[in-house]
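Here is the structure we will look at, set down as structure tokens.
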Amino acid sequence: MNKETIVIFEDSGNLDELLQLQKTQNVRIISMNYSSHKLLEDHGIEHTLSDIFLTDSERTNLQNQVFKISDWYENSQISSNLMYEDVNVGSLIKPECINIFVNFLKKFFEFYKISQKYTNNFFYCSKESKDILKNFSNNVSAFESNNNNTSFSPLDTLKVGHTVGIKNYNFEIKLSKNIFSTLKSLSESTTSLLVNSKSLKPGSKCMLFLEFNTINLKNFLIENNKPFVIYNRRQPSVWNKETLSLIKNSQAIIENETTISSKTLKQHSVNIFEYFEKQLDELFKKDSIFAEIFKFEEMSFWHLIRTNFIKLLKTRTKENIFEIELAKKLLEKYNFSGIIINNDVGPQERILAQLAKKENIPIFLNQHGLIFDTSDALNHNLHCGVISPSSDYTLVWGKIDQKYRVSCGIPENKIINIGCSTFDNLETVEPNFKKNDYIVLATQSPTDENIFDLTSDVRQKNIDAIKHVCKLTTKLNLDLVIKTHPDPNEFNPSKLAKEINPKIQVLQNGNFASIIKNAKFVIVIDYSTVILDCHILKKPVISITVKNKLGLPTALTNGSCIRVDIDDLEQVICKLHKKNFYEKKIQDGLDSASEYLSFKNSGSKQLSLLLEKYT
């Protein structure tokens with residue numbers, strides 16, 4: 001028999017060519033991602049998963065190397081060339097780099113391991129992957145068809161979800177990044193005329209909130225009587241009647257592109273970029289430096305990403321020079337006593353943090369969700385902006401996160417426990433459903449930034465968990481409501497659920513507390529901030545294990561949640577019918593909530609006191 005031809009399959013557009021190839025050659029097919037695996041599986045085509053070529057320890061090492069490489073801009077030989085107005089423009093694309101490099105290096109390293117196993121075989125792959133595979137084999141041919149959807153940066157093709165309609169009669173539309181930005185600007189132009197009638201006394205100090213979520217902080221808006229400024233660049237401050245009323249009747253002053261920018265500033269930014277671009281062109285002539293920076297397992301991959309990476313950096317730098325100029329104008333307009341941010345890796349967050357440092361304005365990193373308080377998650381938390389040793393202060397919700405940050409090396413006197421206004425008076429929330437005794441499943445799909453989440457096994461396990469819950473609740477005659485995570489990349493289980501039981505409701509938007517208010521209990525996949533909502537509203541929580549590569553956080557080890565593998569779910573649901581067990585899990589949840597959340601029902605007051613103290 002002829003030696004096998006190894007087919008690297010990752011693009012549905014190559015399926016017809018693959019089928020033709022099978023007729024003439026002895027092929028071994030290797031799928032590179034979950035979508036290609038499912039396509040082959042649905043067509044009954046035998047194949048191998050590329051995931052099997054890497055061990056878990058290799059995946060862990062790859063993830064850590066991605067974090068290290070994402071700090072490329074800190075290299076002493078190039079960092080000074082990336083500075084504009086005390087801001088390192090390379091640092092502003094770090095989150096994007098993590099996503100890009102974890103996906104690229106997964107493919108790069110798997111190709112290397114595959115080539116080591118099949119040293120003398122001939123390879124077929126997509127046109128987009130040919131250059132990568134040729135690093136490891138001279139026997140490579142590409143399929144003729146192209147994948148027109150490929151993009152070096154996932155942000156360029158990301159669709160932003162927006163709900164159209166009222167109450168239960170609504171649907172979600174997906175908008176491109178550019179269209180969303182255009183609509184957001186038009187909205188800001190209109191709402192600025194309606195809400196910005198407030199002003200500060202000359203010379204008075206105030207706090208700046210970056211990416212302020214109006215609905216989540218509505219209790220604070222109602223209770224606070226201290227003026228402050230909101231500056232949102234990625235999300236609108238006002239988008240419906242409720243948010244308009246909240247902002248209009250609060251002490252908030254809205255600042256955005258409409259209130260700060262001008263034709264002169266825009267043209268000035270364009271002129272600056274034209275000059276700065278020449279500086280970048282000179283910098284990227286130093287190929288040997290970049291070849292050393294962009295290296296994995298002593299193999300440089302700079303030549304493979306050079307063109308796309310430079311194009312990405314230039315595109316983002318053009319955008320971010322304008323953002324820097326806007327931020328400078330904002331800092332000139334007010335006498336800020338502090339800036340509150342929700343992470344320290346977003347481009348606007350990093351711009352303001354680096355500009356504020358020059359002005360001696362303290363940065364307050366605000367906890368914005370439950371985190372993995374484990375040693376295994378430390379690297380992830382540091383590089384993904386959850387923990388920031390460089391921030392002047394860290395605002396936490398409760399004792400558990402306060403203790404964890406101390407263990408991470410953050411000085412205790414730099415940690416401020418203020419609770420969280422989002423959870424104030426949660427018990428009084430209006431229920432979304434009048435019915436009682438339904439079950440809620442809160443989903444949260446694997447991400448594109450974690451090497452373990454990219455495996456077909458984890459992706460399939462997540463879908464299988466949702467499918468199992470749908471089938472089991474149907475079998476037990478339980479009403480099921482599925483609430484998906486708001487992430488734009490979240491798997492939509494609507495079709496899957498409706499095929500199993502048309503009565504299952506799938507909600508992509510809505511207040512989670514309102515959704516679970518009358519529920520019997522809640523099932524979550526792995527770990528999520530919504531667990532705290534459940535505990536406060538006295539809803540027992542079942543956590544289905546899908547992935548566990550960051551360790552087990554406190555909420556999954558202190559007995560407050562019932563951790564189960566999918567096969568044991570029915571047994572646990574039956575146990576919850578027993579009054580004593582049900583009530584015990586409610587109390588366990590309340591005990592856990594008291595450790596996770598200080599100043600219950602007075603988080604808004606604590607945040608107001610913080611503003612008062614620092615202004």
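Looking across segment 14-38 at every residue that is under 24 Å from Thr447 (Cα atoms) and surrounded by fewer than 20 Cβ atoms within 10 Å (Cβ to Cβ), the one that is farthest from the chain's Cα centre (by Cα) is identified as Lys38. Every test in (1) free of Cβ contacts under 8 Å to residues at least 12 places away in the same chain; (2) in contact with a Gly (Cβ under 6 Å, 6 or more places away or on another chain) is passed by Lys495 save one, and that test is (2). Among residues of segment 444-478 being acidic (Asp, Glu) and in a helix (DSSP H, G or I), the one that is surrounded by the fewest Cβ atoms within 10 Å (Cβ to Cβ) is Asp464. Scanning segment 318-347 for residues that are more than 22 Å from the chain's Cα centre (by Cα) and of a type in the set (S, T, N, Q) turns up Asn335, Ser337. Checking Thr529, Thr455, Thr473, Thr428 one by one, the residue that is within 20 Å of Lys38 (Cβ to Cβ) and polar (S, T, N, Q) is Thr455 and no other.
Hey, any hits in segment 339-351 for a residue that's surrounded by fewer than 21 Cβ atoms within 10 Å (Cβ to Cβ) and touching a His at 6+ places or on another chain (Cβ under 6 Å)? Within segment 339-351, one or more residues are surrounded by fewer than 21 Cβ atoms within 10 Å (Cβ to Cβ) and touching a His at 6+ places or on another chain (Cβ under 6 Å).
Restricting Leu92, Leu82, Leu133 to those that are at pLDDT 95 or above and more than 30 Å from Ile324 (Cβ to Cβ) reduces the list to Leu133. Evaluate segment 599-615: report whether one residue or more is closer than 19 Å to Tyr404 by Cβ, modelled with pLDDT of 95 or more and not small (Gly, Ala, Ser). Scanning segment 599-615, I find at least one residue that is closer than 19 Å to Tyr404 by Cβ, modelled with pLDDT of 95 or more and not small (Gly, Ala, Ser), so the answer is yes. Taken over segment 39-70, residues that are touching a residue at least 24 places away in the same chain (Cβ under 8 Å), farther than 13 Å from Val7 by Cα and surrounded by 14 or more Cβ atoms within 10 Å (Cβ to Cβ) amount to 15. The residues of segment 93-135 that are in contact (Cβ under 8 Å) with a residue 40 or more places away in the chain, in contact with a strand residue (DSSP E or B) (Cβ under 6 Å, 6 or more places away or on another chain) and of a type outside the set (Ser, Thr, Tyr), listed by number, are Leu105, Asn121, Phe122, Phe123, Cys125, Leu133.
What number of residues within segment 314-338 are closer than 21 Å to Leu280 by Cβ and of a type in the set (Gly, Ala, Ser)? Total satisfying the criteria: 1. A count restricted to segment 290-322 and to residues that are of a type in the set (A, V, I, L, M, F, W, C) and surrounded by fewer than 16 Cβ atoms within 10 Å (Cβ to Cβ) stands at 3.
Considering only residues in segment 565-588 that are of a type in the set (A, V, I, L, M) and assigned to a helix (DSSP H, G or I), the one that is nearest to Ala555 (Cα to Cα) turns out to be Ile586.
Checked against the criterion of being hydroxyl-bearing (Ser, Thr, Tyr), modelled with pLDDT under 95, more than 23 Å from the chain's Cα centre (by Cα) and within 22 Å of Thr48 (Cβ to Cβ), segment 165-181 contains not a single residue that satisfies it. Among the residues of segment 24-36, those that are closer than 16 Å to Ser129 by Cβ and in contact (Cβ under 8 Å) with a residue 60 or more places away in the chain comprise Ile30, Ser31, Met32, Asn33. Within segment 508-522, residues that are over 10 Å from Val481 (Cβ atoms) reach partners that are part of a helix (DSSP H, G or I) and hydroxyl-bearing (Ser, Thr, Tyr) with beta carbons closer than 9 Å, at six or more positions or on different chains, in the pairs Gln508/Ser494; Lys520/Tyr582; Phe521/Tyr582. For the residues Lys575, Lys584, the requirement of being assigned by TED's automatic domain parsing to the domain that holds Tyr527, surrounded by fewer than 18 Cβ atoms within 10 Å (Cβ to Cβ), modelled with pLDDT of 95 or more and touching a Phe, Trp or Tyr at 6+ places or on another chain (Cβ under 7 Å) singles out Lys575. Only one of the listed residues (Asp464, Asp437, Asp448, Asp457) is among the acidic types (Asp, Glu) and in contact with a Lys or Arg (Cβ under 7 Å, 6 or more places away or on another chain). That residue is Asp437. Scanning segment 357-377 for residues that are closer than 20 Å to Ser407 by Cβ, among the β-branched types (Val, Ile, Thr) and surrounded by 21 or more Cβ atoms within 10 Å (Cβ to Cβ) yields one hit, Ile371.
Of all the residues that make up segment 573-615, how many are among the aromatic types (Phe, Trp, Tyr) and more than 30 Å from Cys206 (Cα to Cα)? Counting residues in segment 573-615 that are among the aromatic types (Phe, Trp, Tyr) and more than 30 Å from Cys206 (Cα to Cα) gives 2. Among the numbered conditions (1) in contact with a Leu (Cβ under 8 Å, 6 or more places away or on another chain); (2) under 30 Å from Lys241 (Cβ atoms); (3) at pLDDT 70 or above, tell me where Ser199 comes up short. The one condition Ser199 does not meet is (1).
The values are calculated or read from the model by the stated rules, or taken from the named source; none is laboratory data. Bear in mind the structure is a predicted one, so any value in this text is a computation, not a measurement. Using ideal geometry, Cβ is built from the backbone for each residue, glycine included, and neighbour counts are taken over all protein chains shown.
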